[in-house]
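Input: a single structure, listed below in structure tokens.
FYI, it's all coordinate maths here, none of it is from the lab. No experiment lies behind these values; they were computed from the predicted model shown. Cβ placement follows ideal geometry from the backbone for every residue including glycine, while neighbour counts extend to all protein chains displayed.
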Amino acid sequence: MQALTDILEAWFGAAWQAPVMSAARVAVILVLAFLAQRGARRLLRLLRQRMTANAEDAAHVRRVETVFRVLRYFATAIIVLIGGLLVLSELGVSIAPILGAAGIVGIAVGFGAQSLVKDYFSGFFLLLENQIARGDVVRIADCSGMVEDITLRYVRLRDFSGNVHYVPNGLVKTVTNMSREFSFAVMDVGVAYREDLDEVFAVMKETADALQRDPEFAARILEPLEIAGVDSFADSAVIVRCRFRTQVLEQWRVRREYLKRLKAAFDARGIEIPYPHLTLYAGADRKGNAQPLRVRQE
């Protein structure tokens, strides 16, 4: 070590110590920043795993993962900022003017980029109030889909067709979340006016009971079918509204399977599912009786 010191003094004189020591301190700062970042990520990962293990349901797990994802971004940004300022200070750059300029730039950005600031504040409250989490199916800003990512700047959605939507948080006025606690599979079933509604209700309940006994759907359906009754009179059908209470995000699968089985059950019992049709009358007699107009093709 002494020999190396003598060689450096012979080459550069006594001035070599200051730059070498400064470079050594910069290296130490960079190493400590790297270790701090690794340590913060490891600590956050352990906390996330512990909270996930104690989570009550899948929604809680998604919420924990979303929050810790944002916390990791915050920790990385703070460590990089502090490390960068320490390195600049060690290199002889005065950070006081930089901080002052940063304050002025921050004010300018606050006035000139209000939409960006609004995005960040809106994203903060979206996370704080637990309105959206990764994996949720939501409708925001006229876009619907599954939340693939959420940051303080935007929400990334992927719809059923595979399209990806980036929605700035500042545009989020109303959040419709279809992934909280439970869901309802709501169905409007149309039957012909001539059908006996009591028989229709019985067939609907029988089909629902069979679906609920199916091992594939038993865990997805939380409660038996609820028939609200006749909802409206359409042009060619009586509309009966019903619903299942299901697990989160299972309402669409349950709805499709139930309608498929109900179609087969109606066909087997001779219950007509009407479709719009037109009947032409040639006229009426004095008693008001009219015969349908029949067209014969030669």
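Alpha carbons only, please: Rg and Dmax for segment 125-177, in angstrom.
9.7, 30
Starting with the fewest neighbours, write out ARG213, ARG41 ranked by other beta-carbon atoms found within 10 Å of each beta-carbon.
The most exposed by this proxy come first: ARG213, ARG41.
Which far-off residues, 5 or more places away or on another chain, put their amide H under 5 Å from the one on VAL155, with H placed in the peptide plane?
Residues meeting the criterion, in which the H sits 1.01 Å from N, are VAL167, ASN169.
Given the convex hull over the Cα atoms of segment 183-269, what projected area results after averaging over all orientations, in nm²?
5.3
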